[in-house]
Amino acid sequence: MNVFLWIVQGVLAAAFAASGIVKIAKPQSPDLSLPLVRLIGAAETAAALALILPAALDVATVLTPLAATGLAVLMVLAMGYHARRKESMPIAINAALLILAALVMWGRFGPHAF
């Protein structure tokens, strides 16, 4: 299970690092203010790093499940945003990422903590 959780953490980290960098570099956003989009991008990028680095370096390992918790909350908020815009595909992607983040939260806070 530990290896599986590491794989899930890696997938989540890659997805959120890519998404965060795009949001930080994005020149404009049609619906949200640019500072808010950049803040979301910075949060996603920081969480991506926190999913991997603390556990890999064995320093403050509690940051890994906390990062997964933050990403789960972010996905719930993103699902609400996309629901308001009636966008079904992003909601499905957010739901999948939410499930993966919840899996990491459960595993790293619970039976497979570092």
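The values are calculated or read from the model by the stated rules, or taken from the named source; none is laboratory data. Small disclaimer: the values here were computed from a predicted structure and weren't measured. Virtual Cβ from ideal backbone geometry, glycine too; neighbours counted across all protein chains shown.
Values for this structure:
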| item | result |
| --- | --- |
| Filter result for the condition that a residue is modelled with pLDDT of 95 or more, within 24 Å of Phe4 (Cβ to Cβ), in contact with a Leu (Cβ under 9 Å, 6 or more places away or on another chain) and assigned to a helix (DSSP H, G or I), over Leu66, Leu100 | Leu100 |
| Test set (1) within 11 Å of the chain's Cα centre (by Cα); (2) touching a residue at least 12 places away in the same chain (Cβ under 8 Å); (3) farther than 14 Å from Ala13 by Cβ - Leu100 fails condition number | (3) |
| Any hit, region 19-40, residues being in contact with a Leu (Cβ under 8 Å, 6 or more places away or on another chain) and assigned to a helix (DSSP H, G or I) | yes |
| Verdict on Pro54 being at pLDDT 95 or above, at negative phi, out of contact with any strand residue (DSSP E or B) (no Cβ under 9 Å at 6 or more places or on another chain) and assigned to a helix (DSSP H, G or I) | yes |
| Subset of region 35-52 [surrounded by 12 or more Cβ atoms within 10 Å (Cβ to Cβ) and within 23 Å of Arg84 (Cα to Cα)] | Leu36, Val37, Arg38, Leu39, Ile40, Gly41, Ala43, Glu44 |
| Scope region 82-97; condition more than 16 Å from Ala43 (Cα to Cα), in contact (Cβ under 8 Å) with a residue 12 or more places away in the chain and assigned to a helix (DSSP H, G or I); matching residues | His82, Pro90, Ile91, Ala95 |
| Yes/no for Thr61 being of a type in the set (Ser, Thr, Tyr), surrounded by fewer than 17 Cβ atoms within 10 Å (Cβ to Cβ) and within 22 Å of Trp6 (Cβ to Cβ) | yes |
| Only listed residue being out of contact with any Pro (no Cβ under 6 Å at 6 or more places or on another chain), under 17 Å from Leu103 (Cβ atoms) and hydroxyl-bearing (Ser, Thr, Tyr), chosen from Thr45, Thr69 | Thr69 |
| Candidate set: region 1-32, residues that are closer than 20 Å to Val73 by Cα and among the polar types (S, T, N, Q); chosen: the one surrounded by the most Cβ atoms within 10 Å (Cβ to Cβ) | Gln9 |
